[in-house]
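Asks: Before I ask anything, let me first share the structure, which is written out below as C-alpha cells.
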Amino acid sequence: MFRLLLVLALFMPAAAPAQKLAKATFAAGCFWCTEEAFDKVPGVVETLSGYIGGKTKNPTYEQVSAGITGHTEALQVSYDPAKVSYEKLLEVFWLNHDPTVVDRQFCDRGSQYRPGIFYHDAEQKRLAEASKAKWEKDKPFREKIQTPIEPAGEFWKAEDYHQDYHLKNPVRYRYYSTGCGRYSRLDDLWGKYRKK
C-alpha cells in the first residue's frame, strides 16, 4: 500500500502555489461607483462594498446613510500584487474621486461619503503619502487636496444588495452615476489624466 501511494505521489502534478493576495481600502463616495472603477482593473480579484472609520459594530446601510455611526462608504479591494501594484490602485483611486472636498462626493452629502485612503501597513502608508504628494504637485486643478490618509480600522461588509450593484442594476446605476454628476465632475477635475 505504501509503495502504491509513493508511486501515485510521484506522478501526480504538484499543486499550483496559492495566489498571494493583498488588500487595499479606499473611500471615494458612493461605493457602487468606486466598485465599478476598481472592477475594471486587471489584477483586482475581488471588491467588497462596505463601511469603515466608524464606531458602531456591524452597521447597517440605514444607520450609515443617516450619518449616525461615523462610518464612510468604502471599498475593500483584494488584488494580486504580481499583476497590479498598489501604486496603480492609488492612481485609479485619485482619478475616480473629487479630492477637493471633505464630507461629500458629487451629489452625495455627509461624512458617510467622505473620501479617504485607509492603509493596511507601513508600506501602503508610505506609497499613499508619496502618491498624494505627487498629485499635489501635478494636479490639473487649483484647489487643495483634502483627502486624508488613515490607518485601516475594522471594515464591515455592506449588505448583499450593494455588492456588484453596477452589474446587477445597470440601468439604475447608470441613472444614479450620471444624474449625480460624477463623471462630468471627474472629467472637469482630472481632464487629460482620465482620458488615458
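Asks: Could you work out what % of the accessible surface of the chain is carbon and sulfur, using a 1.4 angstrom probe and leaving DNA, RNA and ligands out of the count?
Replies: 57 percent
Asks: Still on this structure: Quick check on the chain: helices-only [θ] at 222 nm, where DSSP H runs of length 4 and up contribute -39,500 (n - 2.57) each and the sum goes over total residues. Nearest 500, please.
Replies: My calculation for the chain gives -10500 deg cm²/dmol from helical runs alone.
Asks: Under a point-charge model restricted to the Cβ atoms of Lys and Arg (+1) and Asp and Glu (-1), what is the dipole moment magnitude of the chain relative to its Cα centre, in debye to the nearest 20?
Replies: 460 debye
Asks: So for the chain, averaging the separation of alpha carbon pairs under 8 Å that are six or more residues apart and normalising by length, what relative contact order in percent results?
Replies: It rounds to 26 percent for the chain.
Asks: Which order do peptides 47-53, 103-109 fall in by mean Cβ count within 10 Å, highest first?
Replies: 47-53, 103-109
Asks: Give, in nm to one decimal, the length gained when the segment between Asp188 and Lys57 is fully stretched (0.36 nm per residue of separation minus the Cα-Cα distance).
Replies: Between Asp188 and Lys57, full extension yields an extra 43.4 nm.
Asks: Between Phe141 and Glu154, what is 0.36 nm times their sequence separation minus the Cα-Cα distance? Round to one decimal in nm.
Replies: Stretched out fully, the Phe141 to Glu154 stretch lengthens by 1.4 nm.
Asks: Mind ordering 174-180, 21-27, 125-131 by average Cβ neighbours within 10 Å, highest first?
Replies: 21-27, 125-131, 174-180
Asks: Under 18 Å from a point 7 Å along the Cα-to-Cβ line of Val102: which residues of the stretch 117-133 have their amide N that close?
Replies: Answer for this model: 117.
Asks: Using a probe radius of 1.4 Å on heavy atoms only, what accessible surface per residue do you get for the chain? Whole Å² is fine.
Replies: Accessible area per residue: 55 Å².
The values are calculated or read from the model by the stated rules, or taken from the named source; none is laboratory data. All figures in this text were calculated on a predicted structure; none of them were measured in a lab. Here Cβ is always computed from backbone atoms with ideal geometry, including for glycine, and neighbour counts include all displayed protein chains. Only protein heavy atoms, including side chains, enter the accessible area calculation; ligands, DNA and RNA are left aside. Shrake-Rupley method; radii C 1.70, N 1.55, O 1.52, S 1.80 Å.
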